[in-house]
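Working notes, beginning with the structure itself.
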Amino acid sequence: MSNRVNIALLCFCASIVFTTCKIVSQTKNTEVSSKINENLTTGFITPPDSIKPYVYWYWVSDNISKEGITKDLEAMARVGIGEAFIGNIGLETVPYGTVKVLSDEWWTLTKFAITEGQRLGVNIGVFNTPGWSQSGGPWVPANQAMRYLRTSEMKVVGGKKISLQLPALDSESQEMAIIAYPISKNPEIKISDLKPKVRLSSALANASNLIDGDFNTSIQFSEEVKNKGLSIELETIKDFTGRSIVIYPDTIMFSADVELQAYVNGSYQTVKKFVLDRSNDMISVGPDAFAPVSFALPEFTSKKYKLILSNLKNPDRQVSIGGLKEIVISNYPKIENFAEKQMAKMLQTPDLSWNEYLWKPQVVNGEADMFIDPKKVVNLSKLLSADKVLNWNAPVGSWAIKRIILSPTGAKNAPASPEATGYEVDKINAKYLKNHFDSYIGKLLKEIPAENRKAFKHVVIDSYEVGPQNWTEGMAEAFEAKYGYDPLMWLPVLSGNIVNSAEESNRFLWDLRRLVADRVAYEYAGGLKKLSEENGLKLWLENYGHWGFPSEFLTYGGQTNDIAGEFWVEGTLGDVECRAASSAAHIYGKNRVFAESYTAGGKPFERYPGYLKKRGDWSFTEGINHVLLHVYIHQPYEDKNPGMNAWFGTEFNRKNTWFDQSKTWIDYQRRCMFMLQQGKPVNDVCYFIGEDAPKLSGGRNPEIPKGYSYDYINAEVILKSKVENNTLMLPGGMSYKLMVLPPLE
């Protein structure tokens, strides 16, 4: 490389370093200063072996060969790749090979890759699961899987001994609790109880299904409804006062804008406008794919109500347009968005917005006897016999009995080969992680002598894409220890019932979400870190999640050894993720900040280092200081060119024509990485993200002026920090002159 190029690289790196890092303070000790400068110069010209890009090394659809493993690792060593993360990916678009994941041959080849990496000087990391997300496999039984709470209700009259035979549970569900509470003498009335006339603006069949109380019946929308919308008029003989609406969609994905109107003083007036969105049925956005949509209403009394659906949309791949099972307008107030607030249904797009999962205070109305008194809730769990008979001497009065069941969310590791697919392990209970760890990573460790696995360095967790869970064994005790009250008495809110008050019921759900977020961070990420360290490994983790991420991105990232963001070559993915990773690393005292780099979709073999460089340089300004190339697809076949490929990623593999020539560009990145890993970053402002959960990203209001930089910060780190000379000093050495609070009450 010419001196001119070296000087240009030095100038570029210096411009980044000296605007983002404190490399060295002025010192009277010129000898020390000279030594530091000498080390920087030497490290820049010839970066140490510890400063090399990593790479995702995907073994796709069981296409693996011993010869290909050796040639791949030799190629990585030639261009200066320091570590390869093995991910076994199952893609239906790629014909499956013969080396089945988890077969004896596959275990042999995986062990060979680790020993071969040691021979060639390329370290190895292994995804902790088949697939890239998240942590599971066929060894995870249902009672160790991610689970959530389901409820059913029965009504009984007390003053006598009650003996109820409860239905048998499916083989994968468990009893969690049975509670009972008295029914008010002012009982709930639904508009359907008044037998209203139903009129539709479109000639759809079975309109009465909307108010028949049967959740197995529905109405189906037509093409006319999609084009023109639909109005549903409900007319009663006498006045009806509505305080809440719950809509039960059919099991067909769609979304619509909804306006509820009431006929008052001779005309229809708007009561509430909202969006009914059940357009994504993936388990990763919640275990209850078609959960009810609930809203609190300002109190309205009328004989006629009208529901207007417009802007109706459904996924392009879907033939059916949509439908509704039931419309419930009640005189009782209900918890608004109760499905979303318990994480049965979550954000249905991959957006990472700061203000998701923030709800405005709901309308408050109704009378005291419409709310459940938590002091009168009775725990009947111990009265259930082994053969599912509930025997209870019920006090006088009418009672509601709620059966609360713990069921798997259904989330499975993906995308993985069929024989390597199974339930995702529980994310909020560390005791189940050991079985998962021992069944996969642990098996590798056990079968390779220590002297032959010195290259094995990392256990890998990719971006979080498997959705939420909200309960596990011991959760009630953990909840009460943290918050000081028994959560079982508040579980009626899971069905939308208000306990004590709307404010307190919503606060219970807030507490539940926050506890889940913290346990995902400490029990799951922290638990895998502990298991990894006990076996001489480090945990490498991407600290963000699309598709139902149930934690808080900073706390979650803080519990790993090595933290990473991600950016794509084109598009906006990375605009949030990289700063999320660097912020978590900075506030938790981690020096290296990785990024899954140069991920892409489409345009196979069209990208090249000169095209990629601009986006890579941008990532350095976001705080990234260690590159992980995405992606090297394992090349098992020497007679096939241009080799194995997938729809995603840049082709960082030996069959790409420019791969060996990329060493110059990789050396450039090594120099940038070396310089950027010196000292502490200087970021002037920290934005507090608040304490709500889930939390996907930070917000910036107001934006800071150009020329200044920022990190996000959370409550956990603030509480461990101190203020000196009007500066917030963090335990890890970072400091900030200004902290910006979020626009929250």
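A few points about this structure:
- Among residues of segment 680-725 being hydrophobic (A, V, I, L, M, F, W, C) and free of Cβ contacts under 8 Å to residues at least 60 places away in the same chain, the one that is surrounded by the fewest Cβ atoms within 10 Å (Cβ to Cβ) is Leu719.
- Test: residue in segment 345-352 that is surrounded by fewer than 22 Cβ atoms within 10 Å (Cβ to Cβ), of a type in the set (D, E, K, R) and in a loop (DSSP other than H, G, I, E, B): yes
- Take the conditions (1) open to solvent by less than 10 Å² (accessible area, probe 1.4 Å); (2) not in a loop (DSSP other than H, G, I, E, B); Arg670 misses just one of them, which is (1).
- Scanning segment 621-630 for residues that are touching a strand residue (DSSP E or B) at 6+ places or on another chain (Cβ under 6 Å) and not in a loop (DSSP other than H, G, I, E, B) yields His626, Val627, Leu628, Leu629, His630.
- Qualifying residue in segment 598-620 (condition: closer than 23 Å to Ser65 by Cβ and touching a Phe, Trp or Tyr at 6+ places or on another chain (Cβ under 7 Å)): no
- Of all residues in segment 252-269, those being within 36 Å of the chain's Cα centre (by Cα) and assigned to a strand (DSSP E or B) number 7.
- Within segment 210-228, the set of residues being assigned to a loop (DSSP other than H, G, I, E, B) and either open to solvent by 70 Å² or more (accessible area, probe 1.4 Å) or not β-branched (Val, Ile, Thr) (or both) comprises Asp212, Gly213, Asp214, Phe215, Asn216, Ser218, Phe221, Ser222.
- Some residue of segment 174-186 being closer than 30 Å to Lys304 by Cα and among the basic types (Lys, Arg): yes
- For beta carbons closer than 7 Å, sequence separation of 6+ or different chains, a first residue in segment 89-117 that is farther than 16 Å from Ile633 by Cβ and open to solvent by 40 Å² or more (accessible area, probe 1.4 Å) and a second that is in a loop (DSSP other than H, G, I, E, B) and of a type in the set (D, E, K, R), the qualifying pairs are Thr98/Asp62; Lys100/Asp62.
- Residue that is nearest to Thr241 (Cα to Cα) [pool: residues in segment 364-388 that are charged (D, E, K, R) and in a loop (DSSP other than H, G, I, E, B)]: Glu367
- Filter pass, Lys427 being outside any helix (DSSP H, G or I), buried (at least 20 other Cβ atoms within 10 Å of the Cβ) and among the charged types (D, E, K, R): yes
- Applying the condition of being acidic (Asp, Glu) and closer than 29 Å to Ala585 by Cα to segment 621-653 and asking which residue is most open to solvent (accessible area, probe 1.4 Å) yields Glu622.
- Single residue of Val140, Val156 found to be modelled with pLDDT of 95 or more and out of contact with any Gly (no Cβ under 8 Å at 6 or more places or on another chain): Val156
- Top-ranked residue in segment 244-260 [being open to solvent by less than 30 Å² (accessible area, probe 1.4 Å) and in contact with a Phe, Trp or Tyr (Cβ under 6 Å, 6 or more places away or on another chain); ranked as nearest to Lys304 (Cα to Cα)]: Ile245
- When we screen Ala168, Ala203, Ala207 for residues that are open to solvent by 70 Å² or more (accessible area, probe 1.4 Å) and over 35 Å from the mean Cα position of the chain (by Cα), the only hit is Ala203.
- Condition check for Trp59: out of contact with any Cys (no Cβ under 7 Å at 6 or more places or on another chain), within 22 Å of Ile448 (Cβ to Cβ) and assigned to a loop (DSSP other than H, G, I, E, B): no
- Within segment 557-587, considering residues that are touching a strand residue (DSSP E or B) at 6+ places or on another chain (Cβ under 8 Å) and among the hydroxyl-bearing types (Ser, Thr, Tyr), the one farthest from Gly679 (Cα to Cα): Thr560
- Complete set of residues in segment 181-203 that are touching a Gly at 6+ places or on another chain (Cβ under 9 Å) and farther than 15 Å from Leu234 by Cα: Pro182, Ile183, Lys185
- One residue alone among Phe508, Phe437 is touching a residue at least 40 places away in the same chain (Cβ under 8 Å), assigned to a helix (DSSP H, G or I) and farther than 18 Å from Glu552 by Cβ, and that residue is Phe437.
- Note on segment 286-322: among residues that are under 15 Å from Thr251 (Cα atoms) and buried (at least 21 other Cβ atoms within 10 Å of the Cβ), the one that is farthest from the chain's Cα centre (by Cα) is Gly322.
- Selection count, segment 29-65, where residues are among the charged types (D, E, K, R), closer than 21 Å to Asn625 by Cα and surrounded by 12 or more Cβ atoms within 10 Å (Cβ to Cβ): 1
- In segment 463-470, the condition of being of a type in the set (Asp, Glu), open to solvent by 10 Å² or more (accessible area, probe 1.4 Å) and under 21 Å from the mean Cα position of the chain (by Cα) is met by at least one residue.
- Any hit, segment 726-744, residues being surrounded by fewer than 18 Cβ atoms within 10 Å (Cβ to Cβ), under 22 Å from Arg519 (Cβ atoms) and at pLDDT 95 or above: no
- Residue in segment 126-137 that is surrounded by 15 or more Cβ atoms within 10 Å (Cβ to Cβ), at pLDDT 95 or above, farther than 16 Å from Ile448 by Cα and hydroxyl-bearing (Ser, Thr, Tyr) present: yes
- Filter result for Leu537 (at pLDDT 95 or above and over 19 Å from Ile713 (Cα atoms)): yes
- Residues that are within 27 Å of Gly536 (Cα to Cα) and either surrounded by fewer than 22 Cβ atoms within 10 Å (Cβ to Cβ) or within 15 Å of the chain's Cα centre (by Cα) (or both), drawn from segment 410-420: Asn413, Ala414
- Residues being over 30 Å from Ser284 (Cβ atoms) and among the small types (Gly, Ala, Ser) are entirely absent from segment 91-111.
- Residue check, Ser505 within 21 Å of Tyr357 (Cα to Cα), out of contact with any Lys or Arg (no Cβ under 8 Å at 6 or more places or on another chain) and surrounded by fewer than 24 Cβ atoms within 10 Å (Cβ to Cβ): no
- Of the residues examined, Ser231 is not one that is more than 39 Å from the chain's Cα centre (by Cα), of a type in the set (Gly, Ala, Ser) and either closer than 26 Å to Asp369 by Cα or open to solvent by less than 70 Å² (accessible area, probe 1.4 Å) (or both).
The values are calculated or read from the model by the stated rules, or taken from the named source; none is laboratory data. Values in this document were obtained by computation on a predicted structure and should not be read as measured data. Positions of Cβ are generated from backbone atoms using ideal geometry, with glycine treated the same way; all protein chains shown enter the neighbour counts. Please note that ligands, DNA and RNA were not included when accessible areas were found on the heavy atoms of the full protein model with its side chains. Shrake-Rupley method; radii C 1.70, N 1.55, O 1.52, S 1.80 Å.
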